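Worksheet: one structure, shown below.
The values are calculated or read from the model by the stated rules, or taken from the named source; none is laboratory data. Note that the structure is a prediction, hence the values are computed from the model and not measured. Note: ideal-geometry Cβ built from the backbone for every residue, glycine included; neighbour counts use all protein chains shown. Quick note on the areas: whole protein, heavy atoms, side chains included, nothing else; ligands and nucleic acids left out. Shrake-Rupley method; radii C 1.70, N 1.55, O 1.52, S 1.80 Å.
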Amino acid sequence: MSNILKIIQERSSMRMPFDMQRPVAQEDLQQILEAGRWAPTAHNMQNFEIIIIDDKTVLEEISDIKSTVSEIFIQENYQQLSFSEEELLQKKVGILGSMFPPSWQTPGVKPVAAEGGSRPFPICPTLLILLYDPRKRAPASEGDFLGAISLGCMVENLWLEATALGIDFHIVSTLGNGTVETEVKRILGVPEPLKIVFGIRLGYAVEPPAHYLRVRREVEDFSHHNIYNRMLD
Ligand SMILES: Cc1cc2nc3c(=O)[nH]c(=O)nc-3n(C[C@H](O)[C@H](O)[C@H](O)COP(=O)(O)O)c2cc1C
């Protein structure tokens with residue numbers, strides 16, 4: 001197996017608490033950003049900006065932001081959930097319902113939010129905020145689909161390099177949503193019309209999960225030879 005394939009398979013999401021006494025070394029952070037710098041982007045547009053946050057006061061201010069879960073999130077999240085490891089192993093896509101609070105697992109049931117909302121950002125020693133400028137679009141790309149893919153390529157480079165360096169990585173999409181985005185932009189002085197894609201927690205988990213089931217479809221489940229050869233779901 002090539003080294004790159006090994007790192008690709010090792011890369012994973014670390015949703016556990018991070019050790020605040022163990023910061024990410026500057027040279028490691030520079031290497032992670034260097035990997036992002038060389039990502040492919042549509043028309044080489046390099047349509048990203050990254051804010052690096054390691055100031056504890058700023059991190060605490062962001063981790064104090066509260067949000068409530070939207071109905072649309074509950075409904076669409078539910079479609080992706082499996083309710084047992086057996087079900088997830090069989091489906092090979094989606095995530096385990098046990099990763100979410102019980103009140104997020106029932107469509108049509110109003111989510112029981114913690115009083116005043118829950119905190120979407122569990123604090124970490126280094127937070128990256130990924131920004132893009134919606135005025136800079138990939139040419140002739142409906143909905144700037146190619147621009148969005150370009151951001152994805154860049155993030156994957158960051159993630160693979162972090163994995164290679166043994167640094168835990170966790171995407172927090174909520175930091176780019178609704179009132180949370182507005183609040184983060186205010187704290188960081190992000191000007192209009194820039195948008196937050198999401199936040200990325202970097203660091204070292206205090207204690208990794210004892211067991212984390214990760215599933216993928218088999219190659220033959222998504223590959224087609226010469227002709228599209230499968231019934232639609
Ligand atoms: C664009 C994007 C957004 C994501 N947003 C979140 C998120 O908000 N919270 C989270 O815990 N994981 C998030 N993830 C991680 C995925 O849930 C995760 O990659 C997927 O379940 C596969 O698990 P693995 O990363 O451990 O292989 C996101 C991943 C991507 C690519």
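Within the bounds of region 168-182, is there any residue that is open to solvent by 60 Å² or more (accessible area, probe 1.4 Å) and among the hydrophobic types (A, V, I, L, M, F, W, C)?
Taking every residue of region 168-182 in turn, none turns out to be open to solvent by 60 Å² or more (accessible area, probe 1.4 Å) and among the hydrophobic types (A, V, I, L, M, F, W, C).
Right, Leu89: more than 24 Å from Phe198 (Cβ to Cβ), of a type outside the set (Val, Ile, Thr), within 16 Å of the ligand (Cβ to nearest atom) and modelled with pLDDT of 90 or more or not?
When the stated conditions are applied, Leu89 passes them.
Testing Asn47 on (1) open to solvent by less than 40 Å² (accessible area, probe 1.4 Å); (2) in a helix (DSSP H, G or I), one condition comes back false. Which one is that?
(2)
Which residues, counting only those in region 22-36, are touching a residue at least 24 places away in the same chain (Cβ under 8 Å) and of a type outside the set (A, V, I, L, M)?
Once the filter is applied, which keeps residues that are touching a residue at least 24 places away in the same chain (Cβ under 8 Å) and of a type outside the set (A, V, I, L, M), region 22-36 yields Arg22, Pro23, Asp28, Gln31, Glu34, Gly36.
Run Gln79 past the list (1) closer than 28 Å to Tyr204 by Cβ; (2) modelled with pLDDT of 85 or more and report the number of the one that doesn't hold.
Going through the list (1) closer than 28 Å to Tyr204 by Cβ; (2) modelled with pLDDT of 85 or more, Gln79 breaks only (1).
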